[in-house]
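As structure tokens, the structure follows; a few thoughts come after it.
The values are calculated or read from the model by the stated rules, or taken from the named source; none is laboratory data. Since the model is a prediction, treat every value here as computed from it, not as a measurement. We place every Cβ from the backbone using ideal geometry, glycine too, and count neighbours over all the protein chains shown. Please note that ligands, DNA and RNA were not included when accessible areas were found on the heavy atoms of the full protein model with its side chains. Shrake-Rupley method; radii C 1.70, N 1.55, O 1.52, S 1.80 Å.
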Amino acid sequence: MGKHKKQEKRPKSDSESDSDSDSGPDDRNQPAKKSKGEGSASKRLKTDKGETYFELERNRRVTIREFKNKLFIDIREFYEKDGEYLPGKKGISLSAIQWNKLKSMVPDIDEVVQEMS
């Protein structure tokens, strides 16, 4: 019986993605909002409510917000309705403690990602 490599199929990373989605150059033509750190690869943007967010892709954001006097980092998909971007159901809100724990795990996670790439 032949050997099968099941790990050959893996999702493309953002840098490898050549999909035909709408997240191409068109979204780069949006008017620049408040940004800091010109040398930074990410831009700090603001919602109409004054919440800071960063775009991962056209329809995915990382938003930093307060709710009931607690800080949350919200990683979520957005959808467009009547020309406005609204948060979708797909996503996760991390408390500051969970966010810091995730950040501390990044080197280990990245190591596994590199091994599997």
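Laid out as a table, the results:
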read-out: Members of segment 102-112 that are in contact with a Leu (Cβ under 9 Å, 6 or more places away or on another chain) and over 25 Å from Phe78 (Cα atoms); value: Ile109
read-out: Search result, residues across segment 69-99 that are part of a helix (DSSP H, G or I) and among the polar types (S, T, N, Q); value: Gln98
read-out: Leu102 vs. criteria part of a strand (DSSP E or B) and over 19 Å from Lys49 (Cα atoms); value: no
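Residues checked against (1) out of contact with any Cys (no Cβ under 8 Å at 6 or more places or on another chain); (2) modelled with pLDDT of 50 or more; (3) open to solvent by less than 60 Å² (accessible area, probe 1.4 Å):
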{"position": "Ser19", "(1), (2), (3)": "yes, no, no"}
{"position": "Pro25", "(1), (2), (3)": "yes, no, no"}
{"position": "Gln30", "(1), (2), (3)": "yes, no, no"}
{"position": "Ser35", "(1), (2), (3)": "yes, no, no"}
{"position": "Tyr53", "(1), (2), (3)": "yes, yes, yes"}
{"position": "Leu56", "(1), (2), (3)": "yes, yes, no"}
{"position": "Glu66", "(1), (2), (3)": "yes, yes, no"}
{"position": "Asn69", "(1), (2), (3)": "yes, yes, no"}
{"position": "Lys81", "(1), (2), (3)": "yes, yes, no"}
